[in-house]
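Structure first, then comments.
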Amino acid sequence: MDSSSCKICEGRSVAIGVKSGAVIERDFHLVRCESCGYVSVADPCTDYARLYDEDYYRGLGADPLVDYAAELDHPDQTIRHYEWRGLVALMRGQLGRDKGLRWLDHGSGAGGLVRYACGVGMDAVGFDTGAFAPRARERGVPMISADELDASTNAFDVVTMIEVIEHVVDPIALLRQVARVLRPGGLLFVTTGNVAPKQRDVLSWAYVIPDIHVGYFTPRSLSLAYERVGLRVVPGHYGPGWTDILRFKILKNLHVRSRSVVEAVLPWPILARLADRHVGVTAQPMARKP
């Protein structure tokens, strides 16, 4: 476990320590690339049926902060509503329009973002293979199958991957798939934790749940990953939609699950900016297909 080749830039990765699993009862070994800063789990668990079972989607698995069941049943009450609203605003700001756009939410969970986007008049579909994907279909959320995704080329104007890429053992293979399904000029938007501010204390970072989060990106490593699959890097920045996206993230990490009049009166534009200075979420880049 001393060193390995970086999955992003093929540089030299060195061991930085071990961390115990949340539901998998063993130690996981973490390594960091000396070149691009990408941190990964060298010995990930690939028992996905065990990791992403019914309990996981109810917040009873490796990540207690997820709440897909409530999001599916009570979309107007969940704090995830803020993230959905922010993402729609961000897409509109980046693309300059929403009519005639085809949107894929890759790793869509219970389909909340897709349902919200469709509800405001956008043409969105989801893709997910987890336990709640069939329930989303039953509720009328448009979802495509793995075969349909494999058959798609130049099919989407925008692809979102919201807290997805950190779960993936082979992020380059995933990004190649996304690059294929994007239309020329299409936008890829990813949210994932920024490990750059945590380089000195990665193992104590709450985001490090090695059972399920197997890759941790710096803006540099994510940019290099985009470039490897032929995408053009678009530097991240704070813009329309980010206040709502960060509002959701703050509330989630405070273990708040439902919208309320108490949190509604807080100065979110200020709080979101302050939080982003600390965690650097908006520093993660976007990408365009040439």
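The values are calculated or read from the model by the stated rules, or taken from the named source; none is laboratory data. Because the structure is a prediction, the values reported are computed rather than measured. Positions of Cβ are backbone-derived with ideal geometry, glycine not excepted, and every protein chain shown enters the neighbour counts. Note: areas computed on protein heavy atoms with side chains; ligands, DNA, RNA excluded. Shrake-Rupley method; radii C 1.70, N 1.55, O 1.52, S 1.80 Å.
Can you find a residue in segment 86-97 that is open to solvent by less than 10 Å² (accessible area, probe 1.4 Å), in contact with a Lys or Arg (Cβ under 7 Å, 6 or more places away or on another chain) and in contact (Cβ under 8 Å) with a residue 12 or more places away in the chain?
Checked against the condition, which is being open to solvent by less than 10 Å² (accessible area, probe 1.4 Å), in contact with a Lys or Arg (Cβ under 7 Å, 6 or more places away or on another chain) and in contact (Cβ under 8 Å) with a residue 12 or more places away in the chain, segment 86-97 yields no hits at all.
Assess whether GLN177 counts as being modelled with pLDDT of 95 or more and open to solvent by 30 Å² or more (accessible area, probe 1.4 Å). Explain how you work it out, then say what you get.
On the way: modelled with pLDDT of 95 or more: yes; open to solvent by 30 Å² or more (accessible area, probe 1.4 Å): yes.
Here the answer is yes, as GLN177 does meet what is asked.
Does GLY111 satisfy the criteria of being open to solvent by less than 20 Å² (accessible area, probe 1.4 Å), at positive phi and without any contact (Cβ under 8 Å) to a residue 40 or more places away in the chain? Lay out the reasoning, then the answer.
Details: open to solvent by less than 20 Å² (accessible area, probe 1.4 Å): yes; at positive phi: yes; without any contact (Cβ under 8 Å) to a residue 40 or more places away in the chain: yes.
In short, yes.
Out of the residues in segment 189-219 that are in contact with a Pro (Cβ under 8 Å, 6 or more places away or on another chain) and in a helix (DSSP H, G or I), which is surrounded by the fewest Cβ atoms within 10 Å (Cβ to Cβ)?
Only one residue tops the list, namely ALA196.
In segment 17-38, which residues are in contact with a helix residue (DSSP H, G or I) (Cβ under 6 Å, 6 or more places away or on another chain) and either β-branched (Val, Ile, Thr) or open to solvent by 30 Å² or more (accessible area, probe 1.4 Å) (or both)?
Filtering segment 17-38 down to residues in contact with a helix residue (DSSP H, G or I) (Cβ under 6 Å, 6 or more places away or on another chain) leaves 17, 19, 36-38.
Within segment 17-38, LYS19 is the sole residue that qualifies.
Could you identify the single residue in ASP157, ASP150 that is more than 14 Å from LEU87 (Cα to Cα) and open to solvent by less than 60 Å² (accessible area, probe 1.4 Å)? I'd like the intermediate steps shown before the answer.
Numbers: ASP150 fails: open to solvent by less than 60 Å² (accessible area, probe 1.4 Å).
Testing whether each residue is more than 14 Å from LEU87 (Cα to Cα) and open to solvent by less than 60 Å² (accessible area, probe 1.4 Å) leaves just ASP157.
Given the residues LEU271, LEU266, which is the only one that is part of a helix (DSSP H, G or I), without any contact (Cβ under 8 Å) to a residue 60 or more places away in the chain and open to solvent by 50 Å² or more (accessible area, probe 1.4 Å)? If you could, list the steps in order and put the result at the bottom.
Details: LEU266 fails: part of a helix (DSSP H, G or I).
Just one listed residue meets the conditions, LEU271.
Mind checking which residues of segment 17-28 are more than 11 Å from VAL41 (Cβ to Cβ) and in contact with a strand residue (DSSP E or B) (Cβ under 7 Å, 6 or more places away or on another chain)?
Matches in segment 17-28: GLY17, SER20.
Report the residue count in segment 274-288 for those that are over 16 Å from LEU222 (Cβ atoms) and surrounded by 15 or more Cβ atoms within 10 Å (Cβ to Cβ). Walk me through it before giving the result.
If we filter segment 274-288 for residues that are over 16 Å from LEU222 (Cβ atoms), which is where we start, we get 274-278.
If we keep only those that are surrounded by 15 or more Cβ atoms within 10 Å (Cβ to Cβ) too, we end up with 275-276.
The number of residues fulfilling the criteria is 2.
How about segment 245-263: which of its residues are assigned to a loop (DSSP other than H, G, I, E, B) and touching a residue at least 60 places away in the same chain (Cβ under 8 Å)? Let's see the steps before the verdict.
Narrowing segment 245-263 to residues assigned to a loop (DSSP other than H, G, I, E, B): 254-257, 259-260.
Once the filter is applied, which keeps residues that are assigned to a loop (DSSP other than H, G, I, E, B) and touching a residue at least 60 places away in the same chain (Cβ under 8 Å), segment 245-263 yields HIS255, VAL256, ARG257, ARG259.
So ARG137 clears everything in (1) open to solvent by less than 50 Å² (accessible area, probe 1.4 Å); (2) among the charged types (D, E, K, R); (3) more than 19 Å from the chain's Cα centre (by Cα) except one condition, right? Which one?
For ARG137, the exception is condition (1).
Note down all Cβ pairs under 7 Å where the first residue falls in segment 230-244 and is at positive phi, the second is outside any loop (DSSP other than H, G, I, E, B), and they're at least six residues apart or on different chains.
GLY230/ALA179; GLY241/GLY86; GLY241/LEU87; GLY241/ALA89; GLY241/LEU90; GLY241/GLY93
Does TYR48 satisfy the condition of being open to solvent by 40 Å² or more (accessible area, probe 1.4 Å), closer than 20 Å to ILE209 by Cβ and without any contact (Cβ under 8 Å) to a residue 12 or more places away in the chain?
yes
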